[in-house]
Amino acid sequence: MVNVTIDDKQVTAPKTATIYEAAKLNGIKIPILCHDKKLKPFGACRMCLVEVEQMKGRQIPACTTPVTEGMIIRTSTPDIIKARKMVLELLLLNHPLDCPVCDKSGDCDLQNLTYEYKVNTNRFKDEKFHHSIDYNNPLIERDMNRCVLCGKCARICDEIVSFGALTFIDRGIETKIGCEFDDALNCEFCGSCISVCPVGSLLARPFKHKARFWALTKHTSVCGYCGTGCNLTLGVKDNKVLTTIYDENQGFHKGQLCVRGRFGYQFINSSQRLTSPLVRKNGKLMETSWDEALELVAGRLKNGTSVAALATPRLTNEELALFKTLLLENVGTKNFDHSAGFAHSALTEGFVRSFGESASSASILDIQKSDMLLVIKTDSYETHPVVGFEVNMAVKNKGVKLAIISDKRGKLSKLPDATTLVHRPGCEVAILNAIAKTIIDEKLFVDTASTVPGYAEIVKALSEFSAESVAAQSGLAAADIKKLASEYATAEKALIVFPVGQGYAGHNADLASATANLAILTGKYGKEGCGVLCLSEKSNSQGAVDMGFYAQDGGLNGLQILDACVSGTVKTLFIAGEDPLTSYPDRTKVKAALDAVEFLVVSELFLTETAAMADVVLPACSFAEKEGTFTSTDRRVQYIKPAIRKNAQTKTDYEIFSDLITCLGGQAAVTPAEKFSEIAEHAPGYTGLSHIILRKDGAFATAATKPAFVVPKATPSPATENGKFALVTGSVLYHNGTLSQYGEGPMHVCPEGYLELSRTDASAYKIADNDLITVASAAGSMQLKAKVSSRMPAGVVFAPYHFSSAPINTIWTGSPVTMVTVAK
Amino acid sequence: MNPITPIINGMKITFKHMFLKPVTLQYPTERPKVSQRFRGLHGLKVSHSKAKCVACYLCPTVCPAKCITVEAAEDANHDKYASVYEIDMLRCIFCGYCVEACPVDALKMTGEFELANYHRQDFIYSKERLLEK
Ligand code: SF4
Ligand code: SF4
Ligand code: SF4
Ligand code: SF4
Ligand code: SF4
Ligand code: FES
């Protein structure tokens, strides 16, 4: 701490603080334009000028100058005010001043400062800029005429997003922000640049001219897409969510969002939303009343064990807990599950066996505190982009080492000094086992490891995973595996990260145990910056596990339920929000199951393919219309409240389940808040939490670890065959599950499914980008557009699973790697 | 005071007025000439055969009666214009704040004061009706 005097006030500030930070900490406001607390100091605009007595009254920028002991600072002398006015005059000199048509008006730093400093005349004269405006992409408009050259957009895109789409181009008065070769913007469209731009140079096109900033009501919420659990502020007008608003103080991510969170909100007010219950009459879905629909459903739910249910982990904890009560107590069935039954097995089986708890042993906050990150699959960036930002910052700002084991390269591979071991698809577990064996062989494990239960077994079981043999089967070099092993073992702190989800069948309990073994062997768990972080797929995937909404005690799991529908043991199927026809493996089987089941109830926002097959469709509510809690991938429990009023003809899933309980003669459910108190009593780690506590920032549910070594099964990857490709499935950056298909933003930039293949294969098969190609596996064949990329290794192809228009499960039956043929 | 005096005084005034110009207008055959600053029905100014309004939303923001509805849109040249501009004359209090707020001088108040109508719906003046002819 150092002592400084700011405007005659004696204050203290941390040694590392700049004058701006010291002043802010002590409630003294210094105007800024080019500074952002998330970015490195830059000093481009000179709005923050202050006088320091020791520097003979020279005017210096507060945002770049560190404080020193005894500094005497003045922030608003007449000279400084004059200097700031001049800065504004010069900025306004070439500025178009078209506030009436500029969407930034009302939220514009330049406008606010001009008003505050009463700059209403200009002593200088010059021509305005005549830069052409970039309207080339549907999400971000770039009008460089309004730019004040603060560089924030270029800096955030580099420092945090690590994409580097924008930079200063040209020189002198011609300087502007542009893309490569002054081309159109074509990037990952996270919108971070828009969020920090102090003026109206960068604007969100989906929101363009929709409303003025001051007319919006701001509602804090939690993103309804992936498990990162980013905090959001929704801008609402006339009961419509019109945009997301940047708030640099929100959440661990300080307001950073990915393309889905920022631009994918349109599904909330989509005109395609269901607005009335539907009942199948004479083969057609007809609108009906809630009473009739619920009575019909309740009648069918009386059949006990012949009832089964699938729920999406986008429901709140309260809803899942209530659904479970309905099924267990009022219906009397144990057949319920979520996420196809396998996407949560890393937690519910893997971590339970290895760590004694169905939760990750690390949090997202550990990423930047670690010394080394071991990421399984480069897809971790695409599945959880804001977690990816943390990795970017850890590597670029904190010098954290990054090693990646993946079946393809990806954005993470491009980070400075990142090592990517690109292996043959499906070998992850074997490689992790080889790393564990190397650690044991080279005695790099900690002493306590040998006392952990299962040690003897694991040593014995790993004997067949020598680095050499695994290297041979996975296409890696043994030396690389050994090097990685010693790097991991010798790092002071190391964290393993891997994504799970319906597109990642191979990321199962065995993979979780294989990663856990490494952490336990080297003692890298239960400490800051250490552990294993499993990135769960959807907004409440971890919550669904915590609520116990998965097959237990002999209940059928997700895929078994579908089998049971075909065999006839399950007669009534209740699907809450899932779209198995698109997202579960083996479309033929799913279709057969939904055809075979006697009675299908679907509660949904949209008439999905699955809902279209139902006997009763119940219109449900999105996250923006209900109250409850979501648990993020690292078990941060966060509270959401309605941002808009729901359509009178829809019900939240909570209300639907509650109504069904009463129809079945049970007691109507308590309020979600009271339900959460009940949850807090039983769910492990939730003790002491309540809606009131969670209202502001949420809270972590604690996880206790009880380590054990478990022998992970390494399924051999399918043999390569001549003329066949190894198909791996997964998620793309722009989508999450099947819901993002109803978000206009994601659909603008990634509207359809595709097959990504390497340049080598593309030229061998004479395939060019966007060619329609036929992909066939043992299960079936389909047509997909080709996407040629440099990140895929030869012989491997990748396809995302999100799209109903190109359901990859036509050819994919649930194995981590599918052998396919490709023809033009 | 003589009880007759006030009556005589009253009659004086009455007789005087018989020779003065009458104040009452024989509306509707006679019509008033409103002053330049009269605040009657709004008019949207036109320039280059387009409404001058750029849909900046300042008039609906400032309007104390909250009777102006503006919806902005982007035309083919990416220019902002008001796709909807509506004033609910039943709520308007003719304060003129909207005219004062307009940054592009797109709005005026005309001398038009005959706003009576048969249906409430007819008091909602759409952009079409407000455009100066
Ligand atoms: S950037 Fe700010 S000052 Fe410039 S036109 Fe837009 S609102 Fe006005
Ligand atoms: S949207 Fe994201 S990736 Fe694209 S330029 Fe802006 S910050 Fe960079
Ligand atoms: S576009 Fe915006 S953020 Fe980028 S330099 Fe210009 S003013 Fe700054
Ligand atoms: S989709 Fe995930 S990473 Fe993106 S904003 Fe939402 S929670 Fe954050
Ligand atoms: S203030 Fe003027 S430009 Fe703005 S919306 Fe009203 S009439 Fe249109
Ligand atoms: S804010 Fe300090 S120079 Fe721009």
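The values are calculated or read from the model by the stated rules, or taken from the named source; none is laboratory data. Bear in mind that the values here come from a model prediction, so they are computed numbers and not experimental data. Don't worry about glycine lacking a Cβ; one is built from the backbone with ideal geometry, like all the others, and counts go over all protein chains shown.
Within the option set A:Leu97, A:Leu88, being within 16 Å of ligand 6 (Cβ to nearest atom) and either assigned to a helix (DSSP H, G or I) or not assigned by TED's automatic domain parsing to the domain that holds A:Ile245 (or both) holds for one residue only, A:Leu88. Considering every residue within region A:115-133, establish whether at least one is loosely packed, with under 15 Cβ neighbours inside 10 Å, within 16 Å of ligand 2 (Cβ to nearest atom) and free of Cβ contacts under 8 Å to residues at least 24 places away in the same chain. Yes, some residue in region A:115-133 is loosely packed, with under 15 Cβ neighbours inside 10 Å, within 16 Å of ligand 2 (Cβ to nearest atom) and free of Cβ contacts under 8 Å to residues at least 24 places away in the same chain.
Table: residues versus (1) assigned by TED's automatic domain parsing to the domain that holds A:Asp553; (2) within 16 Å of ligand 3 (Cβ to nearest atom); (3) within 27 Å of A:Glu188 (Cα to Cα); (4) part of a loop (DSSP other than H, G, I, E, B).
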| site | (1), (2), (3), (4) |
| --- | --- |
| A:Leu242 | no, no, yes, no |
| A:Lys254 | no, no, yes, yes |
| A:Ala309 | yes, no, no, no |
| A:Pro313 | yes, no, yes, yes |
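Taking the listed residues A:Ile177, A:Ile194, the one that is farther than 19 Å from A:Gly255 by Cβ and within 16 Å of ligand 1 (Cβ to nearest atom) is A:Ile177, with no other qualifying.
When you go through A:Leu25, A:Leu97, A:Leu91 one by one, which is the residue that is crowded, with 19+ Cβ neighbours inside 10 Å and either of a type outside the set (D, E, K, R) or more than 27 Å from A:Gln368 (Cα to Cα) (or both)? Walk me through it before giving the result.
On the way: A:Leu25 fails: crowded, with 19+ Cβ neighbours inside 10 Å; A:Leu97 fails: crowded, with 19+ Cβ neighbours inside 10 Å.
Criteria check complete, one pass: A:Leu91.
The residue that is nearest to B:Asp122 (Cα to Cα), among those in region B:59-86 that are away from chain A (no Cβ under 11 Å) and in a strand (DSSP E or B), is B:Glu86. Just to be sure before I move on: is A:Leu113 closer than 30 Å to A:Thr5 by Cβ, in a helix (DSSP H, G or I) and not small (Gly, Ala, Ser) in the structure I sent? Criteria met by A:Leu113.
Residues that are touching a Phe, Trp or Tyr at 6+ places or on another chain (Cβ under 8 Å), surrounded by fewer than 24 Cβ atoms within 10 Å (Cβ to Cβ) and closer than 30 Å to A:Ser413 by Cβ do not occur anywhere in region A:295-310.
Residues considered: A:Phe336, A:Phe351. Of these, the only one that is modelled with pLDDT of 95 or more, touching an Asp or Glu at 6+ places or on another chain (Cβ under 8 Å) and more than 30 Å from A:Pro416 (Cα to Cα) is A:Phe351. Inside region A:144-187, residues that are touching a Pro at 6+ places or on another chain (Cβ under 8 Å) and over 22 Å from A:Cys63 (Cα atoms) make up a count of 2. Restrict the check to region A:572-591 and report whether at least one residue is surrounded by fewer than 21 Cβ atoms within 10 Å (Cβ to Cβ) and of a type in the set (Val, Ile, Thr). There is at least one residue in region A:572-591 that is surrounded by fewer than 21 Cβ atoms within 10 Å (Cβ to Cβ) and of a type in the set (Val, Ile, Thr). Please verify whether A:Thr68 is buried (at least 16 other Cβ atoms within 10 Å of the Cβ), away from ligand 3 (no atom under 16 Å from the Cβ) and not charged (D, E, K, R), treating the condition exactly as stated. In short, no. Filtered by the rule that a residue be surrounded by fewer than 22 Cβ atoms within 10 Å (Cβ to Cβ) and under 11 Å from A:Glu752 (Cα atoms), region A:773-802 gives a lone residue, A:Lys785. Criterion first (of a type in the set (Gly, Ala, Ser) and not assigned by TED's automatic domain parsing to the domain that holds A:Asp366) does A:Gly503 satisfy it? Criteria not met by A:Gly503.
For region A:129-187, name all the residues that are within 23 Å of A:Ile32 (Cα to Cα) and either of a type in the set (Phe, Trp, Tyr) or within 16 Å of ligand 5 (Cβ to nearest atom) (or both). If the condition is that a residue be within 23 Å of A:Ile32 (Cα to Cα) and either of a type in the set (Phe, Trp, Tyr) or within 16 Å of ligand 5 (Cβ to nearest atom) (or both), then A:Phe168 is the only one that fits. The set of residues in region B:40-54 that are within 14 Å of chain A (Cβ to nearest Cβ) and touching a Phe, Trp or Tyr at 6+ places or on another chain (Cβ under 8 Å) comprises B:Lys50, B:Ala51, B:Cys53, B:Val54. All conditions but one from (1) part of a helix (DSSP H, G or I); (2) under 29 Å from the mean Cα position of the chain (by Cα) apply to A:Lys460; the one that does not is (2).
Is it true that some residue in region A:45-65 is of a type in the set (Ser, Thr, Tyr), in a helix (DSSP H, G or I) and at negative phi? Talk me through it step by step, then tell me what you get.
Taking region A:45-65 as the starting set, the residues that turn out to be of a type in the set (Ser, Thr, Tyr) are A:64-65.
With the extra rule that they be in a helix (DSSP H, G or I), the set shrinks to none.
Within region A:45-65, none of the residues are of a type in the set (Ser, Thr, Tyr), in a helix (DSSP H, G or I) and at negative phi.
Which of the following residues is within 14 Å of chain B (Cβ to nearest Cβ) and of a type in the set (A, V, I, L, M, F, W, C): A:Cys63, A:Cys48, A:Cys108?
On the way: A:Cys63 fails: within 14 Å of chain B (Cβ to nearest Cβ); A:Cys48 fails: within 14 Å of chain B (Cβ to nearest Cβ).
Of the residues listed, the single one that is within 14 Å of chain B (Cβ to nearest Cβ) and of a type in the set (A, V, I, L, M, F, W, C) is A:Cys108.
Here A:Ile431 fulfils each of the conditions (1) among the aliphatic types (A, V, I, L, M); (2) under 26 Å from A:Val259 (Cα atoms); (3) surrounded by 24 or more Cβ atoms within 10 Å (Cβ to Cβ) apart from (2). The single condition among (1) touching a Phe, Trp or Tyr at 6+ places or on another chain (Cβ under 9 Å); (2) surrounded by 15 or more Cβ atoms within 10 Å (Cβ to Cβ); (3) more than 14 Å from every other protein chain (Cβ to nearest Cβ) that B:Val99 does not meet is (1). Of the residues that make up region A:229-242, is at least one at pLDDT 95 or above, away from ligand 1 (no atom under 16 Å from the Cβ), surrounded by fewer than 17 Cβ atoms within 10 Å (Cβ to Cβ) and of a type in the set (Gly, Ala, Ser)? No.
The residue that is farthest from ligand 4 (Cβ to nearest atom), among those in region A:182-206 that are of a type in the set (A, V, I, L, M) and within 14 Å of another protein chain (Cβ to nearest Cβ), is A:Leu203.
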